[in-house]
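First, the structure itself, so that you have it in front of you.
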Amino acid sequence: MVSARLSVEERLLALEDRQAIYQVVCGYGYSVDGCNTQSVGDFYVEDGVYAVGDMPAWVGRESIANITRDPGHLKLVGAGCAHMSTLPFVVIDGEYAVATCHTMVPMHGEKGFFIGRLSASRIELARQDDGGWKIVRRQNYMLDGSPDGPALLARLKDGPENMGRIAHG
């Protein structure tokens with residue numbers, strides 16, 4: 001939380017950081033649905049990880065960006081889908097941050113739209129040399145009745161202190 005004891009400059013930086021993190025979190029969905037490989041990759045550090053509980057993890061910026069070229073992904077986009085994130089709860093600690101949110105994939109089907117996937121997401125970010133933020137690790141767990149998703153959401157206020165090795169670009 002921003003404290004009244006902080007200077008105006010420190011408070012402004014905290015607001016700018018939070019806004020930049022919001023842009024990263026929501027921008028991924030627009031980029032992946034637009035099949036914009038470059039933009040998707042730009043949201044991640046070089047050795048970033050995108051882990052989804054029921055799929056093998058994508059490791060490395062290029063691997064993550066190439067999701068946009070995957071035949072399964074192209075089929076989903078062609079049929080009508082949207083990768084959406086709710087407004088994240090953000091914890092910033094210096095050069096590192098964690099954003100926790102729900103993500104979903106509404107999809108178009110024969111009877112209209114339905115939610116094809118609903119996940120709990122924890123997105124770990126690092127401030128870059130240019131002052132921007134990039135994703136180091138994104139972990140999604142399906143909210144399908146298994147305990148993993150709620151357990152991830154329960155860590156809502158856990159900061160980035162346990163992120164491990166962080167990459168800067």
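The values are calculated or read from the model by the stated rules, or taken from the named source; none is laboratory data. Because the structure is predicted, anything quoted here is derived from the model rather than measured. Ideal geometry is used to build each Cβ from the backbone, glycine not excepted, and the neighbour counts take in all protein chains shown. We work out accessible area using only protein heavy atoms, side chains counted, and drop any ligands, DNA or RNA first. Shrake-Rupley method; radii C 1.70, N 1.55, O 1.52, S 1.80 Å.
Write out the trypsin sites (Lys or Arg not before Pro) in the stretch 5-63 meeting two conditions: DSSP loop, and at most 14 other Cβ atoms within 10 Å of their Cβ. Write out the running numbers ahead of the final one.
Numbers: sites: 5, 11, 18, 61; in loops: 5.
Qualifying residues, ordered by number: 5.
Which sequence of 58, 133 reflects their accessible areas, 1.4 Å probe, from the largest down? Spell out each step's value before the answer.
Numbers: 58 70, 133 15 Å².
From most accessible down to least: 58, 133.
Right, next: How would the stretch 58-133 be classified by its alpha-carbon gyration tensor: rounded, prolate or oblate, with rounded meaning a/c under 1.5 and the a/b versus b/c comparison settling the rest?
On the way: a/c = 3.41, a/b = 1.67, b/c = 2.04.
It is oblate, given that a/c is not under 1.5 and a/b is not larger than b/c.
Picking from 12, 120, 41, whose Cα lies most toward the positive end of the charge dipole for the stretch 1-146 (charges on Cβ: Lys, Arg +1; Asp, Glu -1)?
120
Less than 11 Å from a label point 7 Å out along the Cα-to-Cβ axis of residue 110: which backbone N atoms in the stretch 70-91 qualify, by residue?
So the set is empty, nothing qualifies.
Residues of the chain: accessible area per residue at 1.4 Å, in Å²?
Numbers: 9430 Å² over 169 residues.
Ligands and nucleic acids excluded, the result is 56 Å² per residue.
Another question about this same structure. Report the charge-dipole magnitude of the chain in Debye, nearest 20, computed about the Cα centre from +1 at each Lys and Arg Cβ and -1 at each Asp and Glu Cβ.
Numbers: 16 positive and 21 negative charges, 80 e Å.
So the dipole magnitude of the chain works out to roughly 380 debye.
Let me ask you something else. On a 0 to 90° scale, report how tilted helix 8-33 is relative to the longest principal axis of the chain, with both axes built from alpha carbons and the result rounded to the nearest 10.
The angle comes out near 10 degrees.
Looking at 64, 22, 78, which one has the Cα that reaches farthest to the positive end of the dipole of the stretch 1-95 (charges on Cβ: Lys, Arg +1; Asp, Glu -1)?
Towards the positive end, the residue furthest out is 78.
Something else about it: Classify the chain as rounded, prolate or oblate, taking a ≥ b ≥ c as the square roots of the eigenvalues of its Cα gyration tensor: rounded when a/c is under 1.5, otherwise prolate if a/b is larger than b/c and oblate if not.
Details: a/c = 1.82, a/b = 1.55, b/c = 1.17.
Cα axes put the chain in the prolate bin.
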